[in-house]
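Comments concern the structure below.
The values are calculated or read from the model by the stated rules, or taken from the named source; none is laboratory data. Bear in mind that the values here come from a model prediction, so they are computed numbers and not experimental data. With ideal geometry, Cβ positions are generated from the backbone for all residues, glycine too; neighbour counts draw on all protein chains shown.
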Amino acid sequence: MDLERIVITGASRGIGEAIAYRLARRGRRLLLLARTERDLERVSRRARGQGADVEYRCVDLARPEQVEQLVGELERDFGPVDALVLNAGVANQRSFFETDLASIDYELRVNFEAPAVFLRHVVRQMIERNRGSVAVVGSLTSVVPFPGNASYAASKAALQALVRSLRLELASTNVHLGLVLPGFTATPMTEGMTSALPAMSADQVARAVERCLTARRPFVVPGLINKVGLRLFSAAPALTDAVLARLSSPRLGRRWRRTLWPRVS
Ligand SMILES: NC(=O)c1ccc[n+]([C@@H]2O[C@H](COP(=O)([O-])OP(=O)(O)OC[C@H]3O[C@@H](n4cnc5c(N)ncnc54)[C@H](OP(=O)(O)O)[C@@H]3O)[C@@H](O)[C@H]2O)c1
């Protein structure tokens, strides 16, 4: 299926910016979404240089009225959407006990509620046309926990559960809904974080998103270490969580914790 009209959220930097460049080519129309106009302008200019027809819109995904308005006008303003990439996300990166409820709510609005609104509107229109492909960027951390990440992991787990359940309702249609689960990736979101685990590049994740959309893959986990981690933590959660708890204990695992976990340096 040719993907002519593509909408990408969180396209102003990081993984979303890399996705825009991966997908930009002659004959395609891209709509890039984020809050920061200066960055959207910069990414649009470069993507146009690759031959694509590129527009952008500034939208704050934490504000439900802006999201509703945007998706309500999407088909009228942009035309029928062939592919949707739900990539925008935020991470508190703080101990759960230092995170106030307003920050948790904000994280849930951007990481879960806004994608849910997009899915309700755009996937419904795709079902009516019986065509379309959607890639949702989740996170490996919803299966593989690490310290200081609880509310972010929970918001991504909610998103992943939504996608997996919704997929069952699409089983008799020609609409594809896939999940991409990146691990630690070098982007502005993780700037200042260090880890002994090698970080992936934003472009490696962007390639996984492209594969998810075009090969209509249900799950794509970029990187061998991430694939092994996902298998291990899914197959034996009690065992892996017990090992993690030991490694995370300040008393028993300080050395491990310092070298292994992504953390703010
Ligand atoms: N980096 C990693 O290690 C990693 C690992 C697993 C999963 N992920 C996921 O991958 C996705 C991209 O992450 P990234 O690392 O590229 O993050 P990033 O560099 O911080 O970029 C986040 C993008 O989301 C947009 N965004 C954030 N809040 C928004 C809001 N309220 N309204 C509209 N747009 C908003 C940002 O644009 P504006 O600020 O201009 O609005 C930006 O374009 C996220 O869903 C993240 O959870 C990242």
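When you look at residue 27, is it touching a residue at least 12 places away in the same chain (Cβ under 8 Å), surrounded by fewer than 21 Cβ atoms within 10 Å (Cβ to Cβ) and away from the ligand (no atom under 13 Å from the Cβ), yes or no?
Numbers: touching a residue at least 12 places away in the same chain (Cβ under 8 Å): yes; surrounded by fewer than 21 Cβ atoms within 10 Å (Cβ to Cβ): yes; away from the ligand (no atom under 13 Å from the Cβ): yes.
For residue 27, the condition - touching a residue at least 12 places away in the same chain (Cβ under 8 Å), surrounded by fewer than 21 Cβ atoms within 10 Å (Cβ to Cβ) and away from the ligand (no atom under 13 Å from the Cβ) - is met.
Just a yes or no: is a residue in the stretch 189-207 among the polar types (S, T, N, Q), without any contact (Cβ under 8 Å) to a residue 12 or more places away in the chain and in a loop (DSSP other than H, G, I, E, B)? Spell out the reasoning first.
Quick first cut of the stretch 189-207, residues among the polar types (S, T, N, Q) only: 190, 194-195, 201, 204.
If we keep only those that are without any contact (Cβ under 8 Å) to a residue 12 or more places away in the chain too, we end up with none.
No: the stretch 189-207 contains no residue that is among the polar types (S, T, N, Q), without any contact (Cβ under 8 Å) to a residue 12 or more places away in the chain and in a loop (DSSP other than H, G, I, E, B).
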Exercise. Check residue 32 against each of (1) closer than 30 Å to residue 130 by Cβ; (2) more than 13 Å from the ligand (Cβ to nearest atom) and name the one condition it does not meet.
Key: (2)
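Just one of 103, 133, 95, 139 is surrounded by 14 or more Cβ atoms within 10 Å (Cβ to Cβ) and over 20 Å from residue 213 (Cβ atoms); which is it?
Numbers: 133 fails: over 20 Å from residue 213 (Cβ atoms); 95 fails: surrounded by 14 or more Cβ atoms within 10 Å (Cβ to Cβ); 139 fails: over 20 Å from residue 213 (Cβ atoms).
Result: 103 is the single residue among 103, 133, 95, 139 that is surrounded by 14 or more Cβ atoms within 10 Å (Cβ to Cβ) and over 20 Å from residue 213 (Cβ atoms).
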Quiz item: Residues of the stretch 123-175 being touching a residue at least 24 places away in the same chain (Cβ under 8 Å) and basic (Lys, Arg), which ones?
Solution: 129, 131, 156, 167
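Determine which member of the set 161, 171 is over 20 Å from residue 2 (Cα atoms) and outside any loop (DSSP other than H, G, I, E, B).
Details: 171 fails: outside any loop (DSSP other than H, G, I, E, B).
Only one candidate passes the filter, namely 161.
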Quiz item: Considering only the stretch 64-92, how many residues are surrounded by fewer than 17 Cβ atoms within 10 Å (Cβ to Cβ) and free of Cβ contacts under 8 Å to residues at least 40 places away in the same chain?
Solution: 6
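Would you confirm whether any residue within the stretch 62-78 is farther than 19 Å from residue 211 by Cβ and β-branched (Val, Ile, Thr)?
The first filter runs over the stretch 62-78 and keeps only residues farther than 19 Å from residue 211 by Cβ, leaving 62-78.
So of that shortlist, the ones also β-branched (Val, Ile, Thr) come out as 67, 71.
There is at least one residue in the stretch 62-78 that is farther than 19 Å from residue 211 by Cβ and β-branched (Val, Ile, Thr).
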Self-check item: In the stretch 190-242, the residues that are of a type in the set (Ser, Thr, Tyr), touching a Leu at 6+ places or on another chain (Cβ under 8 Å) and under 25 Å from residue 133 (Cβ atoms)
Solution: 214
Quiz prompt | Sole residue being within 11 Å of the ligand (Cβ to nearest atom), more than 29 Å from residue 239 (Cα to Cα) and either of a type in the set (Lys, Arg) or within 17 Å of the chain's Cα centre (by Cα) (or both), chosen from 189, 200 | solution = 189
Quiz item: Which of (1) of a type outside the set (Asp, Glu); (2) more than 10 Å from the ligand (Cβ to nearest atom); (3) at pLDDT 95 or above does residue 58 not meet, given it meets every other one?
Solution: (2)
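Please find, among 83, 116, the residue that is away from the ligand (no atom under 16 Å from the Cβ) and modelled with pLDDT of 95 or more. Step through it out loud before you land on a result.
Numbers: 116 fails: away from the ligand (no atom under 16 Å from the Cβ).
Only one candidate qualifies: 83.
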